[in-house]
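None of the figures in this text is laboratory data; all of them are computed from the coordinates on show. Since this is a predicted model, take the numbers as computed values, not measurements.
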Amino acid sequence: EVRLHHWYRRAAEWHTEPVIKAIYETLSRDEARHGGAYLRYMKKALNRFGDEARAAFSKVGVLMASARRTAQALHPTNLHVSEKLFPRDTIQSRLPDPAWLEHWLDKQIQFDAAWEGKVAERILHNLSSLMDRSFASVQELNRFRKEMARATEALRPAPQTSMS
């Protein structure tokens, strides 16, 4: 939702036709509301599942805030979900023109590094708020992710071995 909010905000700035501009502004606000709802869900999950939720959310946060390191924009529509169907296992790969999104972002609305930085900043801000810990960079969030992975691994019971 954070990424879509910024994509639509940038598209609204880029368009000059008033109706299209208004549509993108509405879409942007709608995605911001979705983001707020998702944050409320995340807070409930943190209260219910503790470090297990922290580990999961920090893992997704690192992925989504690290988009500058990848060739494609990171969004659930282009994340691989099925080894059996790879490489046509993403929503984006099944579009009539899978390259459309990249063209729209790079050439049309020019969603550049500065805009991508705004996405990463917002993700880090939201996760800082959720985790009661400040993350100034993806690297700091990644260190926290590793801490949470170790903490949740330590809580798992060791596998039982049978004695013959």
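Taking a straight line from the alpha carbon of LYS146, these lysines sit under 17 Å away, with near neighbours fewer than eight places off in the same chain left out: LYS59. Per residue, the chain reaches -20500 deg cm²/dmol at 222 nm when only DSSP H runs of four or more residues are counted, each adding -39500 (n - 2.57). Over the chain, the fraction of Cα-Cα pairs per 5 Å bin, rounded to whole percents and listed from the shortest bin up, is 2, 8, 14, 17, 17, 15, 12, 7, 4, 2, 1, 1, 1, 0, 0, 0.
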